[in-house]
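Below is one structure; the comments refer to it alone.
The values are calculated or read from the model by the stated rules, or taken from the named source; none is laboratory data. Quick caveat, the model's predicted, so the values are computed rather than measured. Here the Cβ is made from the backbone with ideal geometry for all residues, glycine too, and neighbour counts use every protein chain on show.
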Amino acid sequence: METEVVKYKDRSYPARRINMQDGLDHWLVSVTMLRDALFNEDDEYKDDEAGYIDDKIFFYLEPKDFTKSEAEIREIINKEIQ
């Protein structure tokens, strides 16, 4: 599992690319703490940078799920988006 780092407001959040379909599409996922940092209480972006970062993230995972296998993460995402 290769991870990446997404930085926002001097904090770092883990992210990783997940193969969602036939090895062609790799989508960036991160953790819910990043989502919480990007949005205010009215579910609006805190600033332009937050919107730019959120546009790159396909899905936010609970921290306990972040280290699961790619297949398990695909299953979590598919359950949520269907």
Exercise. For the range 19-48, name all the residues that are out of contact with any Lys or Arg (no Cβ under 8 Å at 6 or more places or on another chain), more than 24 Å from residue 72 (Cα to Cα), not in a strand (DSSP E or B) and not basic (Lys, Arg).
Key: 41, 42, 43, 44, 47, 48
Quiz item: If we keep just the residues of the range 47-57 that are buried (at least 16 other Cβ atoms within 10 Å of the Cβ) and in contact (Cβ under 8 Å) with a residue 24 or more places away in the chain, which is farthest from residue 31 (Cα to Cα)?
Solution: 50
Self-check item: Single residue of 30, 12 found to be among the small types (Gly, Ala, Ser) and touching a Pro at 6+ places or on another chain (Cβ under 9 Å)
Solution: 30
Quiz item: Do you know which residues across the range 62-76 are assigned to a helix (DSSP H, G or I), without any contact (Cβ under 8 Å) to a residue 12 or more places away in the chain and not acidic (Asp, Glu)?
Solution: 64, 71
Quiz item: What about residue 15, is it surrounded by 11 or more Cβ atoms within 10 Å (Cβ to Cβ) and part of a helix (DSSP H, G or I)?
Solution: no
Self-check item: the range 18-46, subset buried (at least 17 other Cβ atoms within 10 Å of the Cβ) and either hydrophobic (A, V, I, L, M, F, W, C) or modelled with pLDDT under 90 (or both), residue farthest from residue 67 (Cα to Cα)
Solution: 38
